[in-house]
Amino acid sequence: MQEHGVYDVALWRYWPTSDFPYVASISADVVSSALVAALHVMAEHKVKHVARVAVKCPDKSFQRWEQGLNLYYREEVVAHD
């Protein structure tokens, strides 16, 4: 089995801050991109908005979102008779 590496994700809820970020390592076998890795960590921590995001990709490059990210959940509306 080939090792695909990991995405190392850091999320800051507020910026500037002295608080430690949420951090996680997500296998590249589980997610398809740096963005999906960041959203996965947000969902895992039940965080709907972060101020800053940094992700180290499996190829050692970095992706950053300095304007933050928002996580929206798709809600299904069930009609009742």
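Here are a few things to note about the model shown:
- Taking 7 Å steps out from each Cα toward its Cβ at residue 71 and residue 48 produces label points 1.2 nm apart.
- Charge sum, other residues only, whose C-beta stays under 10 Å from residue 53's C-beta, Lys/Arg counted +1 and Asp/Glu -1: +1
- Against the chain, whose longest principal axis comes from its Cα atoms, helix 34-44 is set at around 60 degrees.
- For the chain, the alpha-carbon radius of gyration amounts to 1.27 times the rule-of-thumb value 2.2 N^0.38 Å expected for a compact globular protein.
- Each Cα pair under 8 Å and six or more residues apart adds its sequence gap; the mean of these over the residue count of the range 6-70 is a relative contact order of 37 percent.
- Inter-label distance, residue 15 to residue 63: 1.6 nm, where each label sits 7 Å from its Cα along the C-beta direction.
- Panel values: the range 23-65, Kirkwood radius from alpha carbon pairs, Stokes-Einstein at 4 °C and 1.567 mPa s, translational diffusion coefficient 121 µm²/s.
- Relative contact order for the range 1-40, counting Cα pairs under 8 Å that sit 6 or more residues apart, in percent: 44 percent
- Taking amide H as placed 1.01 Å from N in the peptide plane, the amide H of residue 6 sits under 5 Å from that of 28, each at least 5 places away or on another chain.
- Taken about its Cα centre, the chain carries a charge dipole of about 360 debye when Lys and Arg each add +1 at the Cβ and Asp and Glu each add -1 at the Cβ.
A short reminder: the numbers here are calculations on the coordinates, not readings from a lab. Bear in mind the structure is a predicted one, so any value in this text is a computation, not a measurement. Don't worry about glycine lacking a Cβ; one is built from the backbone with ideal geometry, like all the others, and counts go over all protein chains shown.
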